[in-house]
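None of the figures in this text is laboratory data; all of them are computed from the coordinates on show. Keep in mind it's a predicted model, so treat the numbers as computed, not measured. With ideal geometry, Cβ positions are generated from the backbone for all residues, glycine too; neighbour counts draw on all protein chains shown.
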Amino acid sequence: MLGEEAVQVFRRRYAIVNVWRLIKAPVLDTPLAVCDARTIDATDLVSGEVRYPRRVGDIYLALHSPLHSPLHRWHWFSAMDRHEAGGVKQYDSRVNGVARCTPHPAFDHPGAPEGLPPKESIEARCLVVYH
């Protein structure tokens, strides 16, 4: 997507940050959840493939295992309004000393009332290049 500039960008430290918000609100049935990156070990993650119309990308998927999952600390945005936004670091190329990624699914909230309209949301991915 960056063309020839990609060679220069990817020699530096870079990160991918997602900004997510609702189009209609509030969301009660399937809120956004984030896992505290400090509770994720590299062995909890596997690489997955994401296919786009013109390219193939990679994404980390969090494993659910009896060994690691109890250590994960999850938080969610309850009744998030369309005037609020969530930011999530999806990836950081730096290997040590920073959170490398943040698992961030939506989940079916067991306390949600029946018959809610489906969630409508939008997300933007931002490439952050450190100098």
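Things worth noting here:
- Projected label distance in nm at Asp36 and Ala85, using a 7 Å step from Cα toward the beta-carbon: 2.7
- Derived scalar couplings between HN and Hα for segment 33-45 equal 10, 10, 9, 4, 4, 5, 9, 9, 9, 4, 6, 7, 10 Hz in order, rounded to whole Hz, by the Karplus curve 6.51 cos²θ - 1.76 cosθ + 1.60 (θ = phi - 60°), x for Gly and Pro.
- 3J(HN,Hα) along segment 102-118, derived from phi through the Karplus expression 6.51 cos²θ - 1.76 cosθ + 1.60 where θ = phi - 60°, amounts to 10, x, 8, x, 9, 9, 6, 6, x, x, 6, x, 6, x, 6, x, x Hz, with x in place of Gly and Pro.
- Computed label-point distance, nm, for sites Phe10 and Ser93 using a 7 Å Cα→Cβ extension: 0.8
- Taking all Cα pairs closer than 8 Å and separated by 6 or more residues, the relative contact order of the chain comes to 47 percent.
- DSSP-assigned coil residues among trypsin sites (Lys or Arg not before Pro) in segment 86-131, each with at most 15 further Cβ atoms within 10 Å: Arg94
- Residues whose amide H lies under 5 Å from that of His109, counting only those 5 or more places away or on a different chain, are Thr30; hydrogens are built 1.01 Å from N in the peptide plane.
- Using the alpha-carbon positions of segment 30-76, Rg (one decimal) and Dmax (whole number) come out as 13.0, 38 Å.
- What separates the Cα centres of segment 55-130 and segment 1-54 is a distance of 8 Å.
- Three semi-axes of the equivalent ellipsoid, the chain, Cα gyration tensor, whole Å, largest first: 28, 20, 14
- Positive dipole terminus of the chain, leading residue within Gly115, Tyr14, Pro26 (C-beta point charges): Tyr14
- Theoretical gain in end-to-end length, Leu127 to Ile23 [0.36 nm per residue, Cα-Cα removed]: 35.2 nm
- Assuming charge only on the beta carbon of Lys and Arg (+1) and of Asp and Glu (-1), the dipole of the chain about its Cα centre is about 500 debye to the nearest 20.
- Computed helical MRE - 222 nm, the chain, DSSP H runs ≥ 4 contributing -39500 (n - 2.57), nearest 500: -500 deg cm²/dmol
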